[in-house]
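The values are calculated or read from the model by the stated rules, or taken from the named source; none is laboratory data. Quick caveat, the model's predicted, so the values are computed rather than measured. Cβ placement follows ideal geometry from the backbone for every residue including glycine, while neighbour counts extend to all protein chains displayed. Side chains are part of the model used for accessible areas, which takes the heavy atoms of the whole protein and leaves out ligands, DNA and RNA. Shrake-Rupley method; radii C 1.70, N 1.55, O 1.52, S 1.80 Å.
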Amino acid sequence: MLLGKKRKPGRKIEDMTIGEKLTLTEKIEDNELLLYLGLTNDANPLYIQHDYASQTPFKKPIVPSIMLTGIITSAVSKYLPGPGSHITEQSIQFHKPVYHYATVRFLFEVKEIDLKAHSVIIEVTADNEDDEKVVTGRISVCPPHRLEKMNSHALENF
């Protein structure tokens, strides 16, 4: 955990360009899935019970959609624009199920920049290992603001 450690803010809005892209590949492993389910107390049998899932149209357990959303929001917080940014609106569609152990390739692209509203629109798509579209979305993000220099050390750990 990064508590107590200063993080350099992400990209400022004036440093971003339309068409800028980020690619990210994630392999969905059991440890992440179990951690999510444990933290949220989500016991949906569709996510963890092979015998239940085998009787559904999915045929095997699937990854919760909110986990895929978490990967998207994490990429915004870590990379584009990065630390200090905040998602203000999102519209995400889940076209196909993602199964355990899948490798998902995400593509993020800056589509609009609104300096006056201090907002950028990022489109995201994700494909599975069979090159099938599994997620598409549009995210409105408030990039990090330019901070004033502080002379005090009182807030160093926050």
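Quick notes
- Taking a point 7 Å out from the Cα of D131 in the direction of its Cβ, none of the residues of region 10-26 has a backbone N less than 12 Å from it.
- Sparse-neighbourhood loop sites, trypsin sites (Lys or Arg not before Pro) in region 26-78 - DSSP loop, at most 16 other Cβ within 10 angstrom: K59
- Once all protein chains are placed together, T40 keeps about 70 Å² accessible to a 1.4 angstrom probe.
- Gain upon complete extension [E89, I121; 0.36 nm per residue less C-alpha separation]: 10.6 nm
- Packing-based order for 138-145, 89-96, 50-57, using average beta carbon neighbours within 10 Å, highest first: 138-145, 89-96, 50-57
- Too-long pairs where the Cα-Cα distance tops 18 Å, listed order kept, from K78/K133; K8/K116; K78/K116; K12/K111; K21/K111; K21/K96: K78/K133; K8/K116; K78/K116; K21/K96
- An ellipsoid equivalent to region 108-147, defined through the eigenvalues of its Cα gyration tensor, has semi-axes of 28, 9, 6 Å when rounded to whole angstrom and sorted largest first.
- Most to least accessible of I72, I48 (protein chains only, probe 1.4 Å): I48, I72
- Computed from Cα atoms, the angle from the helix 65-78 axis to the main principal axis of the chain rounds to 20 degrees.
- Across region 16-71, Cα-Cα pairs farther apart than 14 Å form 62% of the total.
- Part-to-part distance (alpha-carbon centres) for region 81-149 and region 46-75, which is given in Å: 20
- Going through (1) 56, 23, 21; (2) 69, 38, 30; (3) 61, 36, 21, the figure that equals Cα extents along the principal axes in Å as computed for the structure here is (3).
- Overall Cα dimensions of region 53-112, principal axis frame, Å, largest first: 43, 20, 16
- Top of A75, A102, A126 by mean-square fluctuation, Gaussian network on the chain, Cα under 10 Å: A102
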